[in-house]
Amino acid sequence: METKSTYRHRLPVRLAHWLNVVAFSILLMSGLNIFNSHPALYWGQISTFDKPVFSISAKKDSQGQMHGITQISDRKFDTTGILGVSKNALGGEVVVGFPRWATVPGFRSLSEARHWHFFFAWIFVINGMFFMLWAWRAKHYKNDLRTTAADWRGIFKSIWEHMRFKHPSGEAATRYNILQKLAYLAVIYFLLPGLVLMGLCMSPDMGSMLGWLIDLVGGRQSARTWHFIFAFLMVGFIAIHLFMVMVSGPINQVRSMLTGRYVIHDEPVPAENVPEEKNGQQ
């Protein structure tokens with residue numbers, strides 16, 4: 001098997017990627033801390049406390065033991081040890097929505113969590129704006145993410161190969177397939193804008209400017225719920241992304257995002273496919 005190295009990810013892509021990793025991680029964890037101050041979501045303009053669409057709470061059973069309860073619409077689930085009631089560092093029980101190890105800061109503080117959240121929200125947005133400007137100037141979307149007729153003709157083949165964890169090799173490994181393109185386009189043009197806009201809709205100061213959008217999604221509490229949904233759709237995307245990195249060669253993939261260099265493994269051509277040499281030719 002022959003190997004060669006190619007330059008796969010340009011510097012602006014790598015910088016934006018790792019800055020987003022840091023910013024989104026802290027945004028998510030500080031957002032969970034903010035959510036813990038009132039661990040319930042609603043549809044509409046105001047909080048209907050007796051009818052949340054999602055909530056995390058805790059209650060005692062007949063023996064006095066605390067149980068974490070997660071409610072989705074009218075269905076309730078016992079999530080003791082994960083949500084509602086979790087263990088602290090000393091092994092004791094803590095009544096809290098999301099566990100402290102998943103939040104920034106690690107202790108419950110609405111004001112501190114908001115400081116972290118708003119600071120890194122600006123970093124996240126500014127980084128995204130600079131990346132989109134660079135991508136437009138460098139024709140990143142046109143050259144790397146634009147779907148073609150050939151991509152759409154091969155979409156079912158790509159789905160089947162992903163289901164079998166079969167990944168392209170050689171030069172094909174340096175290009176995005178149709179499923180990757182659609183996933184990245186959905187994140188860039190739907191999930192991230194939706195996440196940011198729903199966050200802005202939650203701010204009273206933005207009511208006069210984004211009142212039409214708040215009404216469109218059903219109210220300020222609906223915007224908070226959509227913000228939560230978009231955030232966890234992003235978590236789902238990241239989980240799938242990390243899984244695919246692990247099964248497709250984590251060392252090569254991470255190296256390409258750190259240095260830009262990606263090692264291509266060319267499969268040898270089977271002997272029966274090599275044309276026979278003509279007499280007198282070498």
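The values are calculated or read from the model by the stated rules, or taken from the named source; none is laboratory data. From a predicted model like this one, the values you see are computed outputs, not experimental measurements. Ideal geometry is used to build each Cβ from the backbone, glycine not excepted, and the neighbour counts take in all protein chains shown.
The residues listed here are S55, S86; of these, the one that is within 25 Å of Q221 (Cα to Cα), not assigned by TED's automatic domain parsing to the domain that holds F120 and not aliphatic (A, V, I, L, M) is S55.
With respect to D151, is the statement that it is in a helix (DSSP H, G or I), at pLDDT below 90, in contact with a helix residue (DSSP H, G or I) (Cβ under 9 Å, 6 or more places away or on another chain) and among the acidic types (D, E) true? Considered against the rule, which asks whether it is in a helix (DSSP H, G or I), at pLDDT below 90, in contact with a helix residue (DSSP H, G or I) (Cβ under 9 Å, 6 or more places away or on another chain) and among the acidic types (D, E), D151 comes out as no.
Taking residues in the range 1-28 that are aromatic (F, W, Y), and partners anywhere that are in a loop (DSSP other than H, G, I, E, B) and at pLDDT below 95, the pairs with Cβ atoms closer than 8 Å and at least 6 places apart or on different chains are Y7/G260.
Take the conditions (1) loosely packed, with under 15 Cβ neighbours inside 10 Å; (2) at pLDDT 95 or above; K139 misses just one of them, which is (2).
Here F131 does not fit the description of being surrounded by fewer than 17 Cβ atoms within 10 Å (Cβ to Cβ) and within 30 Å of P250 (Cα to Cα). Scanning the range 231-262 for residues that are aromatic (F, W, Y) and part of a strand (DSSP E or B) returns a single hit, Y262. In the set T103, T48, T6, only one residue is of a type in the set (V, I, T), over 21 Å from the mean Cα position of the chain (by Cα) and under 30 Å from V254 (Cβ atoms); that residue is T6. Of the residues making up the range 97-112, just one is touching a residue at least 40 places away in the same chain (Cβ under 8 Å) and in contact with a Gly (Cβ under 8 Å, 6 or more places away or on another chain), namely G97.
All of G249, G219, G207, G211 fail the test of being assigned by TED's automatic domain parsing to the domain that holds R164 and under 26 Å from L182 (Cβ atoms), apart from G249.
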